[in-house]
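Q: The structure that follows is given in the form of structure tokens.
The values are calculated or read from the model by the stated rules, or taken from the named source; none is laboratory data. Keep in mind it's a predicted model, so treat the numbers as computed, not measured. With ideal geometry, Cβ positions are generated from the backbone for all residues, glycine too; neighbour counts draw on all protein chains shown. Note: accessible area is taken over every heavy atom of the protein model, side chains too, but ligands, DNA and RNA are not part of it. Shrake-Rupley method; radii C 1.70, N 1.55, O 1.52, S 1.80 Å.
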Amino acid sequence: LRGSIPSELGLLTELTRLSLSNNGLSGPIPDALGQLTNLEYLYLHENNLDGTIPSALCSNSGGIDIDIDCPQVEECACCSCFF
């Protein structure tokens, strides 16, 4: 996959796992992913993403395993993120 992560993924509210690793994705992580309140795993490593992790992802009450490993993405203080 190439390009940006589509914000429309935020409409998939029952999604529990999202793995978009090892692609050519670039740009920021869309704020709309914060609407995925059932999300347990978010894997985005090996892409060219930048910006910050949306704070709504950090406030997921069940906790979320985020694996980003993109040097241009800033770590957030409220997540258990793997860089």
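Q: Please determine whether any residue of the stretch 34-47 is acidic (Asp, Glu), closer than 16 Å to residue 73 by Cα and touching a residue at least 12 places away in the same chain (Cβ under 8 Å). Full working, then the answer.
A: So the first thing to find is which residues in the stretch 34-47 are acidic (Asp, Glu), and the list is 40, 46.
Add one more test, that the residue is closer than 16 Å to residue 73 by Cα, and what stays is 46.
Narrowing the set further to residues that are touching a residue at least 12 places away in the same chain (Cβ under 8 Å) leaves 46.
Yes.
Q: Could you list, ordered by first residue, the pairs with Cβ atoms under 7 Å in which the first is in the stretch 1-21 and over 18 Å from residue 50 (Cα atoms) and the second is of a type in the set (Val, Ile, Thr) and open to solvent by 30 Å² or more (accessible area, probe 1.4 Å), at least 6 apart or interchain?
A: Between residues of the stretch 1-21 that are over 18 Å from residue 50 (Cα atoms) and residues that are of a type in the set (Val, Ile, Thr) and open to solvent by 30 Å² or more (accessible area, probe 1.4 Å), the close pairs are 13/37.
Q: Return only the number of the condition from (1) on the phi < 0 side of the Ramachandran plot; (2) modelled with pLDDT of 95 or more that residue 3 does not satisfy.
A: In the conditions (1) on the phi < 0 side of the Ramachandran plot; (2) modelled with pLDDT of 95 or more, residue 3 misses (1) alone.
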